[in-house]
Each structure stands twice: as structure tokens, then as C-alpha cells.
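Remarks on the structure that follows.
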């Protein structure tokens, strides 16, 4: 690990000032960052430990939504009764992620900023456009079972590995962040980027910003939501594909729907084409399947990850059928 | 270098560390508490699990400087004098290990699991996540303990040991004495009572 300076600021103002230093990075639970430092993938000069700053827990908002503190731990968030009742999709996404130990460490903000688990990115001896721009992407013709099928570029097919953010994308969450001179509100949909020709940049968060919280707007049918995750073993594994969904059905017809896909793109993939297709259509397996197929129409797969197309189609169909209260 | 003040197994320690030192290396290399094990050093195996301020964490991914001001309980700090912690006793009674390398992490993790269950935390396999009553069974224990790998695959005995300690297990001797009722488990004190 490269040597670094450790700072534990007493307040947000000091944290933001410290993060203005070149080579400074914020530290949350460290479950990803410390590992990447040990692998020499991340080499910050200064770690600014914001994990002890109190940005609050879970707070009910007047519109029926919730505000979540940026340093609140994933385990606390998953256990919160407001989250469990208003947005089961979020609690379930968190509970499907990592292990009990890691959830006790991980913070809301850090979870959002976790980096891809692409094997080439995590191996500092290999070329990787995300880690070392211009060095190439061996994943495109290499090992790519876990990697993206939507929104990829010729420079990068990395996938966003997290679960929590997929639920937040489905719920139209807004990231709250502070820089030295601005308070930012960044909608989830534009927070994580597609790789394009700058795969080194995961998000649109300005350098030196501190994520202080996340706001989820009220959603009348939020309680009718869930998260499904397909993985190589039943627990403690990253997703091969996942689905976050909320569904409002009346008289057998889809009145409204929220749908986001995990582990299929460089960002949590909000399935807007599928949502639009489904609104006003009968809540049937045929329509759910057609919606998924529409969303995946532009999928670009490798030999390794072509299985994700039928997998996502079945996951979406099954998840929406479950929410519609029907088995078939 | 940073001076870290940390209470380890009820004893205050002050150690000057390189900022790169993990809590695990502080425990093992600087304080001489080698009960916590280094398996993968990447947060994947759980052998390094300790209780940090009463919660189970991977000490390999916790920087020692981050633990400054915290209370740490390791496998060496669970027993009270010569009386083993109920989870330790249950692992002995159930023979819940083979080589033993993952055992300190398994036990510390199980102590965390029992507290989380008492606090009403749901898991990935909990049917109704809005319910605040957690009933531990095989499936719940397997899910909640999934952050601790055992390469000897002693899981078949680890799961009943955790259930015994939770007070929801089966009396290991019951099969030998059909019809005889015997209290199968001891009540488990809360983490904070024990630490």
C-alpha cells in the first residue's frame, strides 16, 4: 500500500477543505477503498475519514419520502422500519449485498462510490482504461462473465457492482453533496455515468465533494416493491443481474411502474423504455417479458455474458409477476 | 505514524502505527493477540472478524487509525475468566470446527449475529421484512453467517452451534434419551453484558 496521510475532520467544513488537497479521497467504511489501496489500484495521498461525521440516520419527509444520512451504515439502513415498510426494495437490496460484517462497516455514501469489480480493473498488472486511461480494455475479449451488456463503449465494459444504488435508481433518489462553495442535488439517474471515452470517471460527483445524504421522494406504491438478485451462490456474492421494481396495478392494468437493473451496465440501469411500454398495459407475463425484451434490444454481449439477456428477461418477468400478485 | 488509543478486551492500549496498518495487524503484530486470523486480507473470508464497538466487522479492512477511540473485542476477550462465552461453549459442544483456523472469526461473527437478531434485524432470507421478531433457524443462520467461510466445511456443526447459543437449537443428546426433557441451552447474555 502506498503511504498516505490520515485526517479525521471534526466537521463537514473541515472535511471539504481537506478534500481540496490534490490526491485526497474521502473514506467511509473502507470496505472497497482500503481493499483497492492494498491492491495498489487506488493510491490516495490523503484519506479524509468522514465516517464519523453525523449526517443523520433515516428521517421521514413531508411528501412521504425519506432522507438518509450519507454516513449511515448499510446495516442500520436495512434495519430501519421506515425503510422496510415504505421501500422494501431498498431494504431488500441492502440485505442481498455483501456480508453482515461488511454491511456494518459500509456507509450510504461509500456504497454509492464503490468501484467496479471487473477483474482487470482490480489487477494493477493488467491494462485497464478505467484505471489507466489509454492502456486498453482486455475485458472486451477476455473474462467478462460479470460485466456490462448495456451502454458499453469500445473503451470499457465494466459493470457497476452494487445493489443499494439499483434500488435508489428505481426510486428516483437524489444525492445530496457539499463542496467548498456549493450544495448539490444530483438525481440518481445522472449520478453514475456510462463509460463512453472517459471510463476513468465513474460518477458526475465533482472532485472534493462530500456526499451528505440521499433523498427518496414519496412514492404511493413504494410499499409494493421488491429486489431480486441472481448470483453464482445464494449468499455473499456480487450480482450477475438484479432487478429493483415497484408496481402499481389496478384492475389488472399497470397504472405505474419503476424498474431498474443491476450488474448489466456501468451504472444502475433505469429501464425507462420498459416502464413506458408497461404503463396502461395489462399486467401479464407476456407484457412483462415484452417490456424486458424491449429494454434489452440494444444489448451488446460477449460470449461470456450473453446469458444475461435471457436471465434479465426472466428476472424482470418473475419480479413483476410477484408484485402483481400472480404466479404466471 | 499516528498514535492510536483503543480499548481491546477491556484493556486500554496506546500504539503508534503506520497509517497503512490494519486493525487486524495491530491486534496480531503489535498487541500480540493472534486469535484473530488473517485469511484473505480482502474482506472475503471473515477469519479476521472482531467486534468493534459491539458490532462485527472485518478487521482486515478496518484501518487501525479508524479504530482510534473505539472498543474492540476479539476472541480472546469473549470468555469471562475461565467461563467460556455461550457461543464458544456451543462450538465446543457441537464440535463446530475441523482445523479451527476460521473458528475465532466464526465465533465473533456469531456473537454479532445473535445481537442483530435480538435487535430485530431482518436478513435476506427473512420472509416478512417488516416483522420485528426474528426467529433464527437453519436458513437464517446460514444466511447471516455467510461472511465467514470454512474451508473444512464444518458448517453442518456450526449452524447448530449458533442455534444452540441463540437458544433455538436442538439438544445434542436428546436423541439418546427419548422422552427425557432437559433444558437444551443456556440463556445468552447480551453482547454488552459479556464484553
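Quick check on this structure: which one of B:112, B:105, B:147, B:77 is touching a residue at least 24 places away in the same chain (Cβ under 8 Å), closer than 24 Å to residue A:106 by Cα and more than 8 Å from chain A (Cβ to nearest Cβ)?
Details: B:112 fails: more than 8 Å from chain A (Cβ to nearest Cβ); B:147 fails: more than 8 Å from chain A (Cβ to nearest Cβ); B:77 fails: closer than 24 Å to residue A:106 by Cα.
That would be B:105, the only listed residue that is touching a residue at least 24 places away in the same chain (Cβ under 8 Å), closer than 24 Å to residue A:106 by Cα and more than 8 Å from chain A (Cβ to nearest Cβ).
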Fill in the blank from the handout: Flagged in segment A:1-41 as without any contact (Cβ under 8 Å) to a residue 40 or more places away in the chain and more than 10 Å from chain B (Cβ to nearest Cβ), in numbering order, are A:10, A:13, A:14, A:18, A:21, A:22, A:23, A:25
Practice task
Please give the number of the condition residue A:46 fails out of (1) free of Cβ contacts under 8 Å to residues at least 60 places away in the same chain; (2) farther than 23 Å from residue B:56 by Cβ; (3) surrounded by 15 or more Cβ atoms within 10 Å (Cβ to Cβ); (4) more than 14 Å from every other protein chain (Cβ to nearest Cβ).
Solution key: (4)
Problem - Matching entry among A:278, A:320 (being touching a helix residue (DSSP H, G or I) at 6+ places or on another chain (Cβ under 9 Å), surrounded by 23 or more Cβ atoms within 10 Å (Cβ to Cβ) and within 25 Å of residue A:94 (Cα to Cα)) - result: A:320
Exercise for the section: Please find, among B:120, B:69, the residue that is within 11 Å of another protein chain (Cβ to nearest Cβ), farther than 30 Å from residue A:84 by Cα, surrounded by fewer than 15 Cβ atoms within 10 Å (Cβ to Cβ) and modelled with pLDDT of 95 or more. Expected result: B:69
Practice task
Could you tell me whether segment A:258-275 includes any residue that is over 22 Å from the mean Cα position of the chain (by Cα) and assigned to a strand (DSSP E or B)?
Solution key: no
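Looking at A:160, A:120 in this structure, which one is surrounded by 24 or more Cβ atoms within 10 Å (Cβ to Cβ), without any contact (Cβ under 8 Å) to a residue 24 or more places away in the chain and outside any helix (DSSP H, G or I)? Outline the logic, then answer.
Working: A:160 fails: without any contact (Cβ under 8 Å) to a residue 24 or more places away in the chain.
Selected residue: A:120, the only one of A:160, A:120 that is surrounded by 24 or more Cβ atoms within 10 Å (Cβ to Cβ), without any contact (Cβ under 8 Å) to a residue 24 or more places away in the chain and outside any helix (DSSP H, G or I).
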Completion exercise
Here the residues within segment B:123-144 that are within 7 Å of chain A (Cβ to nearest Cβ) and surrounded by 17 or more Cβ atoms within 10 Å (Cβ to Cβ) are B:123, B:124, B:129, B:143, B:144
Practice task
Please find, within segment A:81-92, the residue that is surrounded by the fewest Cβ atoms within 10 Å (Cβ to Cβ) out of those that are in contact with a helix residue (DSSP H, G or I) (Cβ under 9 Å, 6 or more places away or on another chain) and more than 10 Å from chain B (Cβ to nearest Cβ).
Solution key: A:87
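Is it the case that residue B:45 is within 14 Å of chain A (Cβ to nearest Cβ), part of a loop (DSSP other than H, G, I, E, B) and either more than 14 Å from the chain's Cα centre (by Cα) or at pLDDT below 95 (or both)? Give the steps one after another, and end with the answer.
Values: within 14 Å of chain A (Cβ to nearest Cβ): yes; part of a loop (DSSP other than H, G, I, E, B): yes; either more than 14 Å from the chain's Cα centre (by Cα) or at pLDDT below 95 (or both): no.
Judged against the criteria, residue B:45 is not a match.
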Fill in the blank from the handout: When segment A:64-79 is checked residue by residue, the ones that are more than 10 Å from chain B (Cβ to nearest Cβ) and either touching a strand residue (DSSP E or B) at 6+ places or on another chain (Cβ under 9 Å) or under 21 Å from residue B:133 (Cα atoms) (or both) are A:65, A:66, A:67, A:68, A:69, A:70, A:71, A:72, A:74, A:77
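Residue-by-condition table, conditions (1) under 15 Å from the mean Cα position of the chain (by Cα); (2) crowded, with 23+ Cβ neighbours inside 10 Å; (3) in the same structural domain as residue B:166 (by TED's automatic domain parsing):
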residue: B:12; (1), (2), (3): no, no, no
residue: B:39; (1), (2), (3): no, no, no
residue: B:58; (1), (2), (3): yes, yes, no
residue: B:64; (1), (2), (3): no, yes, no
residue: B:95; (1), (2), (3): no, no, yes
residue: B:98; (1), (2), (3): no, no, yes
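The values are calculated or read from the model by the stated rules, or taken from the named source; none is laboratory data. Predicted model only: the values in this text are computed from it and were never measured. Glycine also receives a Cβ, built like all others from the backbone with ideal geometry; neighbour counts cover every protein chain displayed.
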